[in-house]
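Notes follow once the structure below has been shown.
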Amino acid sequence: MQIVARAAAAYFLLLFAVRLIGRRTASQMAPFDLVVLFMFAGITITAVLGDEHSLVGAFSGICTIGLMHILVSSLKARFAWFGRVVDGTPVVVFEGGAFHDDRMRALRLTPQDVMAAARQRGLQRLAQVRYAVAERDGKISVVAQDEGG
């Protein structure tokens, strides 16, 4: 039972740590970001299992973390405020031809990140971008100048 309690606590600790790290998705992560996440995972599993070396202990910890994920997903679906706490909210990082530097710093985004998203939309210059939004999942949505709005 102690493993289950530690796994539940570790889930929330990791959730909090990932929120602090920021919104970058795996496809946008630098190697450093991935190393940090793998280190979190390794440290967390050690904390969850402790001196327990049984397969049952590992299975219990993994199942608890899976159930915690289902619980959090259910709470996000039921309570909008909980989803905002866990996932954040979309943030406009570029509009009116200028970056919102304070927002960019807070999200640890660079103009190059926004331009990469613009290029994926087929835009070649920043002047073609009406606005860019850092979405809840970490992706950057770009709306072109010639699109509605």
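Tabulated results
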item	result
Theoretical ellipticity at 222 nm over the chain - DSSP helices of four or more residues, -39500 (n - 2.57) apiece, nearest 500	-19000 deg cm²/dmol
Whole-Å distance, taken between Cα centres, linking region 66-92 and region 95-128	26 Å
Potential lengthening between Ala106 and Asp146 on full extension [0.36 nm per residue; Cα-Cα distance subtracted]	11.5 nm
Relative contact order for region 59-149, counting Cα pairs under 8 Å that sit 6 or more residues apart, in percent	25 percent
Ranked Val133, Val56, criterion: other C-beta atoms within 10 Å, fewest first	Val56, Val133
Note, ³J(HN,Hα) from phi for region 132-147, Karplus 6.51, -1.76, 1.60, rounded to Hz, x at Gly and Pro	10, 10, 7, 7, 4, 8, x, 6, 10, 8, 10, 10, 6, 4, 7, 8
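Bear in mind that the values in this text are calculations on the coordinates, not laboratory data. On a predicted model such as this, the values are computed, not experimentally measured, just so you know. Note that each Cβ is placed from the backbone with ideal geometry, even for glycine, and that neighbours are counted across all protein chains shown.
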